[in-house]
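Input: a single structure, listed below in structure tokens.
The values are calculated or read from the model by the stated rules, or taken from the named source; none is laboratory data. Just so it is clear, the structure is predicted and the values come from calculations on it, not from any experiment. Neighbour counts are summed over all protein chains in view; Cβ atoms, including those assigned to glycine, are modelled from backbone coordinates with ideal geometry. Just the protein is used for accessible areas: all its heavy atoms, side chains included, with ligands, DNA and RNA removed. Shrake-Rupley method; radii C 1.70, N 1.55, O 1.52, S 1.80 Å.
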Amino acid sequence: MSTASFIKTLYLFFFCILFFLFFFGILFRKRRGFYKNHATTQFKYQKCRSLALRSDHLASQTLIFDVEGALLTSFSLFPYFMLVAFEGGSLLRALFLLLSYPFTCLFSEETGLKIMVMVCFFGIKKETFRTGINVLPKFFLEDVGLEIFEVLKSSSGKKVGVTQLPQVMVVGFLRDYLEIDVVVGRELKVFNGYFVGLMEEKKDIIGLEEILEEDNMIGITGFTKVLGHHLLSHCKEIYLVGEGDKRRWQNLPREKYPKPLIFHDGRMAGAPTPLDALAIFMWMPFGLILAIFRVLIYLSLPTFVSHPLNAFGGMHLTVTMPDESSSSSSVPNTKEAKPKGLVYACNHRTPMDAPYLAVIFNKRIIAVSYSVSRMSEILSPNKMVRLTRNRDQDARIMESWLNEGDIIICPEGTTCREPYLLRFSPLFAELSEVIVPVAMDARVTMFHGTTASGLKFLDPIFFFMNPAPAYTVRVLDKVSGSPTYKNGEKSKFDVANQVQGEIAKALGFEGTKLTRRDKYMLLAGTDGTVSR
């Protein structure tokens, strides 16, 4: 063996020895610290499966759970930040977040989180930020694991949610919909009323000191987040949720929501994963051209031509008409010299409800509405009349137009996206002795065609930008109106409730007593009054 080969072999030998000493030294120090932490806090780690088996044991315990590691089934936080950037910021901010996302993946989880927070929140006004209240709860609820929810629901003790996200993103979801007692998140720094995009740990959390004094706390977190938060060091037992467990979990069904999800805002119809967000931004220029093309066809061509063309372009319309023999016997037979028109009372899904009805019946129908944008007036083939929200004045307006022909009215006064019906205003019920209930439902794939806090004139444009928007219209049997209430037979409230019940039954929806004011107070923080 040559001298050079011998020296090279000796060098590699000593290098391997030093490498293994260094590696095992680090591992030994970590394990010493790990076991030392175990000894001081007396942890008892168990797998998530034992968590489900011991739900009775946890019923009276105080549960401290990790929101991202244990509650949500998703492994990525990008969709929630994209919603904040798109709905709470602007289109350019959302595009910048998408383009910077591959760059954030190169860093650690904590650094990537800070980068996304900076991109999404920098320059956003604190007072006007409502995305955590009116947009994110819907997507958080759809991402909750059923198994962990059952554990939280069965516990009668206090529940503490721990998250690495900014508190303004999750507090509305955890407190209002999951009824969590304490939320431990991170505060966003504010300068002159605007977020600066930096996070800090929140201090002086109300009720947290009392919980930490208890000795029956149980922790629930992910395998990758053991001891990720200082609160977990106070737990006597910690249950670990693995990635395989989360993949096997079912999503929380709507019927098990602790609080019904009736109102939510925002334009995006689905959770924007990185690939979905990329598809949305690639589609938007083409979708805008397609929306303009659909509108031009809709306005310039007769119905028998425009309807097949729009159907060829991806718009779907399903219409069900009633049996005339069964509907004619339920209404009074009035013989007037100049009979009034019919009142078409329909539930409100999008601003295109009245135009779709006009296209279906192919006749002149006047649409009366409490608030309508100028864009909706332009796109509507029928005349649209504004109401004033003054009962006597609105009654005179509707009466005068009813003497000239049929009218369309949405008694809910505002749109509702979910399978619920808001309270029907009874004003329409005393205008005519013949009322035609119309059950309407709209399906979108990419963008919602309604908004409470955004620009309402863009509602029709966003609806037509969907690749395949669908409408289902079911005209129900006629019912008698409330002029007969003078004879003690029926009141206007009975008629309004009857019409609401018939539409809810036809659609499979649930009727509520909520009003337009309730919706706008939750989503926009206003009473819903829209200036002309």
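Results for (1) surrounded by fewer than 20 Cβ atoms within 10 Å (Cβ to Cβ); (2) without any contact (Cβ under 8 Å) to a residue 12 or more places away in the chain; (3) out of contact with any Gly (no Cβ under 7 Å at 6 or more places or on another chain), shown as yes or no for each residue.
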site: 143; (1), (2), (3): yes, no, yes
site: 152; (1), (2), (3): no, no, yes
site: 155; (1), (2), (3): yes, no, yes
site: 158; (1), (2), (3): yes, no, yes
site: 170; (1), (2), (3): no, no, no
site: 179; (1), (2), (3): yes, no, yes
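Here the condition is being modelled with pLDDT under 90 and among the polar types (S, T, N, Q); of 251, 192, 216, it holds for 216 alone. Answer yes if at least one residue in region 354-363 is farther than 17 Å from residue 476 by Cα, modelled with pLDDT under 80, open to solvent by 10 Å² or more (accessible area, probe 1.4 Å) and part of a strand (DSSP E or B), and no otherwise. There is no residue in region 354-363 that is farther than 17 Å from residue 476 by Cα, modelled with pLDDT under 80, open to solvent by 10 Å² or more (accessible area, probe 1.4 Å) and part of a strand (DSSP E or B). For region 477-532, the set of residues classified as crowded, with 18+ Cβ neighbours inside 10 Å and modelled with pLDDT under 75 consists of 481, 482, 483, 490, 528, listed by residue number. The set of residues from region 315-353 being in a helix (DSSP H, G or I), open to solvent by less than 30 Å² (accessible area, probe 1.4 Å) and either modelled with pLDDT under 85 or out of contact with any Cys (no Cβ under 7 Å at 6 or more places or on another chain) (or both) comprises just one member, 327. Among residues of region 433-454 being farther than 23 Å from residue 507 by Cβ and surrounded by 18 or more Cβ atoms within 10 Å (Cβ to Cβ), the one that is modelled with the highest pLDDT is 453.
Of all the listed residues (55, 76, 60), the sole one being outside any helix (DSSP H, G or I) and at pLDDT 90 or above is 76.
Kindly check whether there is at least one residue in region 176-197 that is in a helix (DSSP H, G or I) and in contact with a helix residue (DSSP H, G or I) (Cβ under 6 Å, 6 or more places away or on another chain). Taking every residue of region 176-197 in turn, none turns out to be in a helix (DSSP H, G or I) and in contact with a helix residue (DSSP H, G or I) (Cβ under 6 Å, 6 or more places away or on another chain). For region 82-95, the criterion of being polar (S, T, N, Q) and farther than 23 Å from residue 251 by Cα is met by at least one residue.
Listed by first and then second residue, the pairs with beta-carbon distance under 9 Å, at least 6 apart or on different chains, first residue in region 506-518 and at negative phi, second open to solvent by less than 50 Å² (accessible area, probe 1.4 Å) and assigned to a helix (DSSP H, G or I), are 509/503; 510/504; 511/500; 511/501; 511/503; 511/504. Taking region 73-99 as the range and being among the polar types (S, T, N, Q) and surrounded by 15 or more Cβ atoms within 10 Å (Cβ to Cβ) as the test, the residues that pass are 73, 74.
The residue pairs whose first member lies in region 468-480 and is in contact (Cβ under 8 Å) with a residue 40 or more places away in the chain and within 12 Å of residue 345 (Cα to Cα), whose second member is charged (D, E, K, R) and open to solvent by 10 Å² or more (accessible area, probe 1.4 Å), and whose beta carbons are closer than 6 Å, counting only pairs six or more residues apart or on different chains, are 476/502.
Quick one: is residue 457 within 24 Å of residue 313 (Cβ to Cβ), among the aromatic types (Phe, Trp, Tyr) and buried (at least 23 other Cβ atoms within 10 Å of the Cβ)? In short, no.
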